Structure formats: C-alpha cells, structure tokens
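A.B. asks: Here it is: the structure, laid out below.
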Amino acid sequence: MRATIMFGAGDVRIENIPDPHIIEPTDAVVVVSRACICGSDLWPYKGQEEFPETGRRMGHEAIGIVEAVGSEVRTMKAGDLVVMPFAFSDGSCIFCKQGQHTSCIHGGFFGIYGNDGAQAEALRVPQADGTLFVLPIGKDDRLMPSLLTLSDVMGTGHHAAVTAKVRPGTKVAVVGDGAVGLCGVIAAKRLGAEQIIILGRHADRIALAKEFGATNVVSERGDEAIERVRQLTGGYGVHSVLECVGLEQSMLTAISIARPGGAVGRVGVPQNEMMPGSLPAFYNNISVSGGPAPVRAYIDELLPDILEGRIEPGKVFDRTVDLDGVPDGYRAMDQRQSIKVMVEP
C-alpha cells in the first residue's frame, strides 16, 4: 500500500510500504476514507525534530472503514465506519475511566514512535475497542469533513475551552487562528461565552472565525495585542484564554490577557521546556491547564451537534488532495496558503 513518509525537514514522500495486518488480538485494520494534515505536523516539517533513517509515518487523524478485527475486539466489525482519535487507548484503564484517554497506560499516539500513520491507504489501530468510535452514517455522507474533526481539532478546541473554564456569560480570547483555534471559537460559543476575541491576522481565517461566533478581532501582537484585549474588556482582561499555538510569545500573551482569577487552556504543543509568564500567572492567580486533548472522551458530547447541524467544524478544511497531493498540502499549510488540508487516499 501507499503511505506518507517524512524523511526530514520539508522532505515528504509517498512510498510503498507493507500492508497493515492484525498483530495483537485487540487490533483493527482500517482502510482510510479521509485523513488530514495537522498544524502539529508542521513542527517536524520545519525541522524541529530528528528522523530515523527509514523516515516517519505521518498522520494521526482519520475516518475509515474497518477491514479486519482481532479476536478480542467486541465493539465493531468489518464494514463499520469509524472515526479514529489521534491517540489510541484501551478505554478501560484508570485514566481512561477518568476521561484522560491521552494518558492511557496502554496507549500511544499515531504517526510517531514507530506507530502507523493515517496519511495512508490503511493502518493498524491498536486497542481498537477503546480507540475507534463507530459512526451512525454512510461513508459518503456530506458530514464527513465535520466528523473528521472529531479525530483531533474539534475535540482539541473543545478541550481548550473546557480547561479554560468557559462558562455562559464569560469573556473569552482565542490565541491562534489555525484550525484548532477556529474550532476553539466554535467550542467557546457552544459553551455560552458572551464575548469571543480571536487573535489572528489572516483574512480567510478571521472571516471563518466570525462565522463561527467570534465577536472581536485583534490582529496586533505582543504588548499591542495585550493592550487591545484590555480595551475590549473594560481594562480587566478575559475570564478564559484558549492558547492554540504553543510558542513562547503566544503563551506569554495568553497569560497576560487573562484577568486576575482567570484561566488559560493550553493545547498548542509547547515548543519551550519552560513555561513563559509563570510570574504574572502566579501573582494574578491565573489557572493554567490543558495538554493533549482526550478527544475520544468528547465524541459522545460533540457528535449530536454535528449530526444535527448545530456546528460545522468541517469548514476549516479549505483544500482537498489525494495521496500524491500530500507533499503540496504540507507546503500550502506551511506557507499559510491553506488552513487545513483534507486527504482522500
């Protein structure tokens, strides 16, 4: 079969590799119907990590058809349409039972540490019962793009809002206008935020943020952005900040625009070992939480809103490619020519 392999910074290739097969009795093999390129895939694309000589399988978001299941798989069968969260989990350990599937003691992440990637024709899914979610629709349904976001960006935006303690009537800021930040706008509105400020400067993304529910736009950066947010909130700052980038400046801005007693939900993968802004966070009693979103725990809650048309996170996809188009998809996202690229193998 064919799959996306990254060999180094900017070096993305479509290679022929062995077909996936059942290894453990808890495995499933899934034929990929839809996958996508994630903003976090751009960090290795930019050269932020080392690669094995054999390259790295890429992709951690997918919808597909179950082709085969191991002897211990009980919740699905061949032919079922499933959404695959970016982390696999057994669904039964102490942390999964607490809704922390990304901390599963038998879990891991797709497209890293030797695990199969989803930007491919098919892949092996470990811990299938605890990982895959069977969808109640057909594979050609028009809702497929929005359902695909349940594998990562919609669940991650929701996690940012939850950990930032968004409540009805709160004032919220979203730092970052990528797909996760835009889904964070959806999540904040869905949870009842009174004011939603998007910090971003790309016209196409800002337009979509407004469509999703953003009430204000701040295009400045640094101290100017902090001052502008304070102007928009009566000088106090916001109750909740969704940090969806992961850079030092974005985290410092997030802490600086939170009002005393506020909260920051961080879901951007940190690019610094030390957390910026710890001193102002301390003196202003600002809660900082978040991390890899346990999106598997959120599917039951978010799925009905997608099926019934109340939210349309699939609009973050503004380009669709086949496998041969994946390298160009990476370039388009890296150069900000696309918000998020969907892959149809």
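Each reported figure results from applying straightforward, stated rules to the coordinates on display, with no laboratory input. Bear in mind that the values here come from a model prediction, so they are computed numbers and not experimental data. FYI the Cβ positions are ideal-geometry reconstructions off the backbone, even for glycines, and counts take in every protein chain you see.
A.B. asks: Pick from Lys171, Lys315, Lys46 the residue whose mean-square fluctuation is largest in a GNM of the chain, springs joining Cα atoms under 10 Å.
C.D. replies: Lys46
A.B. asks: Test of understanding: given the chain, find the longest segment containing no GluC sites (Glu not before Pro) that are in a DSSP loop and have at most 11 other Cβ atoms within 10 Å.
C.D. replies: 73-272
A.B. asks: Considering the chain as a Gaussian network with a 10 Å cut-off on Cα pairs, which listed residue, Arg266, Arg296, Arg331, attains the greatest mean-square fluctuation?
C.D. replies: Among Arg266, Arg296, Arg331, the largest GNM mean-square fluctuation belongs to Arg331.
A.B. asks: Another question, if that's okay. Any idea how far apart Ile137 and Ile23 come out in nm if each label point goes 7 Å out from Cα toward Cβ?
C.D. replies: Result for the modelled spin labels: 3.2 nm.
A.B. asks: Could you tell me what % of all Cα pairs in the stretch 162-208 have separations over 12 Å?
C.D. replies: Summing the P(r) of the stretch 162-208 above 12 Å gives 56 percent of all pairs.
A.B. asks: Right, another one. Taking the Cα atoms of the stretch 251-290, report the difference between the largest and smallest coordinate on each principal axis, in whole Å and largest first.
C.D. replies: The Cα atoms of the stretch 251-290 stretch 25, 16, 14 Å along the principal axes, largest first.
A.B. asks: Most mobile of Leu199, Leu132, Leu143 per a Gaussian network model of the chain (Cα springs, under 10 Å)?
C.D. replies: Maximum among the listed residues: Leu143.
A.B. asks: Treat each spin label as a single point 7 Å out from the Cα along the C-beta direction, and report the Glu308 to Gln249 distance in nm.
C.D. replies: Each label point is offset 7 Å from its Cα along the Cβ direction, giving 4.2 nm.
A.B. asks: Looking at the stretch 88-142, which trypsin sites (Lys or Arg not before Pro) are DSSP coil and have at most 10 other C-beta atoms within 10 Å of their C-beta?
C.D. replies: Loop-located and lightly packed - Arg142.
A.B. asks: Restricting things to alpha carbons, find the Rg to Rh ratio for the chain using the Kirkwood radius for Rh.
C.D. replies: 0.97
A.B. asks: Separate question: Just the number: Rg to Rh for the stretch 149-282, Cα atoms, Kirkwood Rh, two decimals.
C.D. replies: Checking Rg against Rh, the ratio lands at 0.92.
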